[in-house]
Amino acid sequence: MRIVELILDEMDATFGVEAISVVEHPAIEEDFIALNSDIVELQKVDEEKRLLLGALLIPNKPIYRRNGDDEYYIYFSKDTVLKASQMYLMNGNQNKATMEHQYEINGLSLVESWIVEDEVHDKSRKYGMNVPVGTWMGAIKVNNTDVWEKFVKTGIVRGFSIEGYFADKMESPNDKTINDFAEMERIEEEEAEYLLAEVRAIIKNDKRTKSGKKMEFESFSDYPDAVKNNAKRGLELNEKVNNKCATQVGKVRAQQLAQGKPISMETIKRMHSYLSRAEEYYDPSDTEACGTISYLLWGGKSAKSWAESKINQNG
């Protein structure tokens, strides 16, 4: 699947972010935090604050897009995110807002805007938002009672999404992080399909896939205890961060490994491929990082070595 970088032309006034939309499912997958005097006291006030704090744009975050049969990812570099945040204010758009990218709404204003520059001391960390350095953060003041009561307080809208025009760079990015993300996602998608096929075959008592080919159920459970312990560690660490890391496939894989359940050769091959890609994001000193947690969920370095030996033994 192709990956496209979107960029800004600062000399062309038609480009840039025109409005901020409050939505139920933000494309950047980061919910905002609704701040009012009953939830958290930023300073002493006499009336409800009605502030929404959240990520407006995250750098190097692959965002899935589909146009007819054309499927692809888009992303924004740190430089583009910074330019977008600056141009938005320079063009005087801080009072422009929409609901679900469909309806213009009044009474919403961007009152704070900043770029995350520190992984520990940034204001976003105070509210439990573990967004990467380079993220455009914002606080929206909601002076529209209907929006606050009917959509924010009820949880119907959960995050921000931007509206605007960007140029299509039309080339694969050099940023290895983006390429690895897409590759690891592809591996997990394949594993999910394989698991689903196994379940269907068991239910139907038929060891054939949708294509009619015989499924290979040969499996192995002779992986070392270090693999099990890594998976258990990953599950524990993920629980401490409210299970925010990894896909459901990664979590299921960890449960299987932690319990010593047998896994198929197809899964072993995908494990090796996934761990080979993800290894550079593993940092044992950062136990809250999703790169570290996801790597452990798949069995860590011990699983990679074991998987490689199994693949070599079985051709």
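The values are calculated or read from the model by the stated rules, or taken from the named source; none is laboratory data. Because the structure is a prediction, the values reported are computed rather than measured. Glycine gets a Cβ as well: all are built from the backbone with ideal geometry, and neighbour counts include every protein chain shown.
Given Ala226, Ala278, Ala246, Ala258, which one is modelled with pLDDT of 90 or more, surrounded by 19 or more Cβ atoms within 10 Å (Cβ to Cβ) and not aromatic (Phe, Trp, Tyr)?
Details: Ala226 fails: surrounded by 19 or more Cβ atoms within 10 Å (Cβ to Cβ); Ala278 fails: modelled with pLDDT of 90 or more; Ala246 fails: modelled with pLDDT of 90 or more.
Step by step, each of Ala226, Ala278, Ala246, Ala258 is checked, and only Ala258 is modelled with pLDDT of 90 or more, surrounded by 19 or more Cβ atoms within 10 Å (Cβ to Cβ) and not aromatic (Phe, Trp, Tyr).
Among the residues that make up segment 268-289, is at least one of them of a type in the set (Lys, Arg) and over 20 Å from Asp222 (Cβ atoms)? Yes, because at least one residue in segment 268-289 is of a type in the set (Lys, Arg) and over 20 Å from Asp222 (Cβ atoms). Checking each residue in segment 103-124 for being under 17 Å from Asn144 (Cα atoms), among the small types (Gly, Ala, Ser) and assigned to a strand (DSSP E or B) picks out only Ser109. Check segment 88-102 and report whether any residue there is surrounded by 14 or more Cβ atoms within 10 Å (Cβ to Cβ) and either in a helix (DSSP H, G or I) or in contact with a Lys or Arg (Cβ under 7 Å, 6 or more places away or on another chain) (or both). Within segment 88-102 (the criterion being surrounded by 14 or more Cβ atoms within 10 Å (Cβ to Cβ) and either in a helix (DSSP H, G or I) or in contact with a Lys or Arg (Cβ under 7 Å, 6 or more places away or on another chain) (or both)), the answer is yes, since at least one residue qualifies.
Output yes when any residue across segment 282-292 is among the acidic types (Asp, Glu) and assigned to a helix (DSSP H, G or I), and no when none is. No.
Considering only strands (runs of 3 or more DSSP E) fully contained in segment 1-80, which possess at least 1 residues that are surrounded by fewer than 15 Cβ atoms within 10 Å (Cβ to Cβ), at pLDDT below 60 and over 24 Å from the mean Cα position of the chain (by Cα)? So that I can check it myself, show each step before the final result.
Numbers: elements: 2-7, 16-23, 33-35, 51-57, 63-67, 70-75.
Counting at least 1 such residues, we get no strands (runs of 3 or more DSSP E) at all.
Test Glu112 against the criterion of being loosely packed, with under 12 Cβ neighbours inside 10 Å and either within 25 Å of Glu24 (Cβ to Cβ) or not assigned by TED's automatic domain parsing to the domain that holds Tyr281 (or both), and give yes or no. Answer is no for this residue. Looking across Ala246, Ala258, Ala254, one residue alone is in contact with a Cys (Cβ under 8 Å, 6 or more places away or on another chain) and either farther than 30 Å from Tyr127 by Cα or aliphatic (A, V, I, L, M) (or both). It is Ala246.
Has segment 224-241 got at least one residue that is closer than 19 Å to Asn130 by Cβ, in a loop (DSSP other than H, G, I, E, B) and not basic (Lys, Arg)? Checking segment 224-241: at least one residue is closer than 19 Å to Asn130 by Cβ, in a loop (DSSP other than H, G, I, E, B) and not basic (Lys, Arg).
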